[in-house]
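Comments concern the structure below.
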There are 2 protein chains.
Amino acid sequence: MDKNMTAAVLTSFGGPEALQVRDDVSIPNLQKGQVLVQVTAASVNNTDIWTREGAYGQPGQPNAKAGWRGQVDFPRVQGADIVGRICAVGDGVDQRRLGERVLVDPAIYDYSGDNAHPVGLLGSELDGGFAQYVAVEDVRAHNVTTSPLNDEQLACLPTAYGTAMGMLERAEIVKGDTIVVTGASGGVGFALVQLASIRGARVIGMTTSAKGDLVAEAGADVIVNRKESNLLTEMSIAAPSGLDAVADVVGGESFEWLLPLLKEGERWVIAGAVGGPVVTFDLRRLYLHNKQLIGSSMHTPLHFRKLIDEANAGRVLPRVAETFTLNDIHKAQQVFQGRRHVGKIVILPSEV
Amino acid sequence: MDKNMTAAVLTSFGGPEALQVRDDVSIPNLQKGQVLVQVTAASVNNTDIWTREGAYGQPGQPNAKAGWRGQVDFPRVQGADIVGRICAVGDGVDQRRLGERVLVDPAIYDYSGDNAHPVGLLGSELDGGFAQYVAVEDVRAHNVTTSPLNDEQLACLPTAYGTAMGMLERAEIVKGDTIVVTGASGGVGFALVQLASIRGARVIGMTTSAKGDLVAEAGADVIVNRKESNLLTEMSIAAPSGLDAVADVVGGESFEWLLPLLKEGERWVIAGAVGGPVVTFDLRRLYLHNKQLIGSSMHTPLHFRKLIDEANAGRVLPRVAETFTLNDIHKAQQVFQGRRHVGKIVILPSEV
């Protein structure tokens, strides 16, 4: 095996130029308990771009350059969503895992337990999967040999579907709930539509008219065009007796007009804020009606195992919008940020 | 019995002049299932003043004049917290209740069930207790004959302790939790300190230095002076491993500096915003750490029954700061708004 590999390395916070595709990156040495994964597919997420830009802000300084946990150690191989084959195992790992197709849990947890919190992420706090190879802890590499999904489809799951699963679990979305999904055509939004629909919720997807058909196909019962001039009226027609939940990845001004449509005591779960993270918020609109704003970041170990079960049973069908080679990662991120696609953009670092 | 009574009647949204003490108000006619309560004590709350001012705003119009549920029908007898004696019973009510000492549940619920939501309030959506008499539904008048507390003390309970109980229950505060109570000397804050301490939580009370001793006496383990120049440092010393919960009635800027001190996945429960209801809020500080913002308005029927149990067992000890006659209600509200007191201001409409 070569000693070097190709990888997309983040060298500092900055524009696309801060992310450099290099072919002289050392293949990681395996530590005890680790496996080396040859990466066949790795999908693109907002978090890659926000980490590159340092766009997470800090307490009291919304415009400070920071990764989602604060500092980032450069150089850092980016990429959270990793599918591949185990091509080497470290000490203490079962040799029979060699050759196994695996989906990697990208979350670094604060303790080992079903309900642990994610406090780090592959591609941000540890090197990730925009590379031909990545070394990860044995337990992090889940066996997906029996899944009917192909590698590209599986690579769509960890961040987008993991985040969506976390939101639905934390907000306890159940059959019969009427739920609005904002940004329903994006990675997390599309996953939310699919997973909420599988649970038997009545899903109202907010998206543009051009993407409405695909979102409906994913399971949305009603599509509301987010560019509609009178969104409040449209939404009131779509949910005449109010909303049981909002699953939000947009934030921004939707917060002000949509919150009053939640029924008494109901749930707004939020996992992102592409429409603007800093909002002006009238606390009375929340507390006078016993509403809850549930922050949701990624997933717990339990949520991730549920996702692996869905993948192995073939109950989820991620949509791959377009694939790119690792050398074309900048083009891939451009397409991603153009937001004309529905589903996920996937990088294919190596073939097996 | 006379046909008329003295009552404090709100005639419109406005200043103190909008609340008029009149002695020609008709004693309410009893409907089926109601009891007539001769009011011996009724405490003063922020909600009386905010309702008088119309200070609740509306969705998208934070400065619109409105009661907490929107419109208020004038004239309206104010006063949510009612203690008194049953002096007449309507059709269908057990005659043996005559003479019973009762504490009235001021919440109007959206359905009958243990976990119903409060969607109305005596003194706002129905006539309240700043009057010599009030007619209320039989089930609303809880028997407190056996409580060791006197009428003035019992009158402190419904809104302040009911709201505090609702907050602690909704945020699931348990033994060992480290919890900050903002505004710890106010009505709800003082009740929070007492009830959280009874549960075995470690309570950090934020108040001014002049009020610190009384708040500590109520059960706070640590007092943090809210006028301290470096509050963040003070709080970090008080809770070196972070906070399990914040029980907030202040809102305003505390929201920005205090939220980061909550541990991953923990709870901010809010029931008021005396420090400013409209805040600038960076949604990332919530969602990246799986934190929850739990709106809490008053109590459920189950929470109120728990409170009645505490009162009858004498496990709570409300602090009466000062009492006033009904004719002096404007003076009472002035003292209340001066915020130099600790505990509750109580009106004594009639003697029995």
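The values are calculated or read from the model by the stated rules, or taken from the named source; none is laboratory data. From a predicted model like this one, the values you see are computed outputs, not experimental measurements. Methodologically, a virtual Cβ is constructed for each residue, glycine included, from the backbone with ideal geometry; neighbour enumeration extends over all protein chains shown. Quick note on the areas: whole protein, heavy atoms, side chains included, nothing else; ligands and nucleic acids left out. Shrake-Rupley method; radii C 1.70, N 1.55, O 1.52, S 1.80 Å.
Among the residues of region B:52-73, none is identified as acidic (Asp, Glu) and either buried (at least 20 other Cβ atoms within 10 Å of the Cβ) or within 11 Å of chain A (Cβ to nearest Cβ) (or both).
Have a look at A:Ser296, A:Ser241 and point out the one that is polar (S, T, N, Q) and either under 15 Å from the mean Cα position of the chain (by Cα) or within 30 Å of A:Pro62 (Cβ to Cβ) (or both). Steps first, please.
Values: A:Ser241 fails: either under 15 Å from the mean Cα position of the chain (by Cα) or within 30 Å of A:Pro62 (Cβ to Cβ) (or both).
Result of the check over A:Ser296, A:Ser241: A:Ser296.
Considering only residues of region A:271-280 that are facing another protein chain (nearest Cβ under 7 Å) and without any contact (Cβ under 8 Å) to a residue 40 or more places away in the chain, which is surrounded by the most Cβ atoms within 10 Å (Cβ to Cβ)? Among those residues, the one meeting the criterion is A:Ala273.
Looking only at region A:281-331, which residues are within 7 Å of another protein chain (Cβ to nearest Cβ) and of a type in the set (Val, Ile, Thr)?
Start the filter on region A:281-331 by keeping residues that are within 7 Å of another protein chain (Cβ to nearest Cβ), which leaves A:281-297.
Once the filter is applied, which keeps residues that are within 7 Å of another protein chain (Cβ to nearest Cβ) and of a type in the set (Val, Ile, Thr), region A:281-331 yields only A:Ile294.
Summed over region A:332-347, residues that are within 22 Å of A:Thr6 (Cα to Cα) and touching a helix residue (DSSP H, G or I) at 6+ places or on another chain (Cβ under 7 Å) total 4.
For region B:121-140: of the residues being in a strand (DSSP E or B) and among the hydrophobic types (A, V, I, L, M, F, W, C), which is most open to solvent (accessible area, probe 1.4 Å)?
Let us first name the residues in region B:121-140 that are in a strand (DSSP E or B), namely B:121-122, B:126, B:131, B:133-137.
Filter again for among the hydrophobic types (A, V, I, L, M, F, W, C), leaving B:121-122, B:126, B:131, B:134-136.
On the way: B:Leu121: 10, B:Leu122: 5, B:Leu126: 82, B:Ala131: 0, B:Val134: 4, B:Ala135: 24, B:Val136: 5 Å².
By that ranking, first place goes to B:Leu126.
Among the conditions (1) in contact with a Ser or Thr (Cβ under 7 Å, 6 or more places away or on another chain); (2) charged (D, E, K, R); (3) open to solvent by 10 Å² or more (accessible area, probe 1.4 Å), A:Glu172 misses just one, which is (1). In region A:134-151, the count of residues that are over 15 Å from the mean Cα position of the chain (by Cα), among the hydroxyl-bearing types (Ser, Thr, Tyr) and under 24 Å from A:Gly295 (Cβ atoms) is zero. Just so you know, in region A:239-249 the residues that are more than 10 Å from chain B (Cβ to nearest Cβ) and in a loop (DSSP other than H, G, I, E, B) include one that is surrounded by the most Cβ atoms within 10 Å (Cβ to Cβ), and it is A:Ala239.
Return the residue satisfying two criteria in turn: it lies in region B:215-238 and is under 18 Å from B:Gly186 (Cα atoms) and open to solvent by 50 Å² or more (accessible area, probe 1.4 Å), and of such residues it is nearest to the other protein chains (Cβ to nearest Cβ). So that I can check it myself, show each step before the final result.
Taking region B:215-238 first, the residues under 18 Å from B:Gly186 (Cα atoms) are B:215-227.
Then keep just the ones that are open to solvent by 50 Å² or more (accessible area, probe 1.4 Å); that gives B:217, B:221, B:223, B:226-227.
Details: B:Glu217: 28, B:Asp221: 25, B:Ile223: 24, B:Arg226: 18, B:Lys227: 19 Å.
The qualifying residue nearest to the other protein chains (Cβ to nearest Cβ) is B:Arg226.
Here is a list: A:Val44, A:Val35, A:Val9. Which entry is of a type outside the set (Gly, Ala, Ser) and closer than 19 Å to A:Arg101 by Cβ?
On the way: A:Val44 fails: closer than 19 Å to A:Arg101 by Cβ; A:Val9 fails: closer than 19 Å to A:Arg101 by Cβ.
The conditions single out A:Val35.
Considering (1) touching a residue at least 40 places away in the same chain (Cβ under 8 Å); (2) at positive phi, the lone condition that B:Val249 does not fulfil carries the number (2). A:Ala184 meets all of the listed conditions (1) under 30 Å from A:Glu264 (Cβ atoms); (2) without any contact (Cβ under 8 Å) to a residue 40 or more places away in the chain; (3) open to solvent by 10 Å² or more (accessible area, probe 1.4 Å) but one, namely (3). Residues that are hydrophobic (A, V, I, L, M, F, W, C) and more than 17 Å from the chain's Cα centre (by Cα) within region A:102-125 comprise A:Val102, A:Ala116, listed in sequence order.
Could you go through region B:341-351 and let me know if any residue there is more than 10 Å from every other protein chain (Cβ to nearest Cβ), of a type in the set (Lys, Arg), over 30 Å from A:Gly252 (Cβ atoms) and open to solvent by 20 Å² or more (accessible area, probe 1.4 Å).
Step one: filter region B:341-351 for residues more than 10 Å from every other protein chain (Cβ to nearest Cβ), giving B:341-351.
Now drop any that are not of a type in the set (Lys, Arg), which leaves B:344.
Then keep just the ones that are over 30 Å from A:Gly252 (Cβ atoms); that gives B:344.
Of the ones still in play, those that are also open to solvent by 20 Å² or more (accessible area, probe 1.4 Å) are none.
No, the conditions are met nowhere in region B:341-351.
Restricted to region B:189-204, and to residues there that are touching a Ser or Thr at 6+ places or on another chain (Cβ under 8 Å) and closer than 15 Å to B:Ala245 by Cβ, the residue that is most open to solvent (accessible area, probe 1.4 Å) is B:Arg202. In the set (1) crowded, with 23+ Cβ neighbours inside 10 Å; (2) polar (S, T, N, Q); (3) under 30 Å from A:Val222 (Cα atoms), the condition left unmet by A:Asn150 is number (1).
So which residues in region A:250-264 are open to solvent by 20 Å² or more (accessible area, probe 1.4 Å) and either in contact with a Lys or Arg (Cβ under 7 Å, 6 or more places away or on another chain) or outside the structural domain of A:Lys291 (by TED's automatic domain parsing) (or both), if there are any at all?
Quick first cut of region A:250-264, residues open to solvent by 20 Å² or more (accessible area, probe 1.4 Å) only: A:250, A:253, A:256-257, A:260-261, A:263-264.
Passing the criteria: only A:Pro260.
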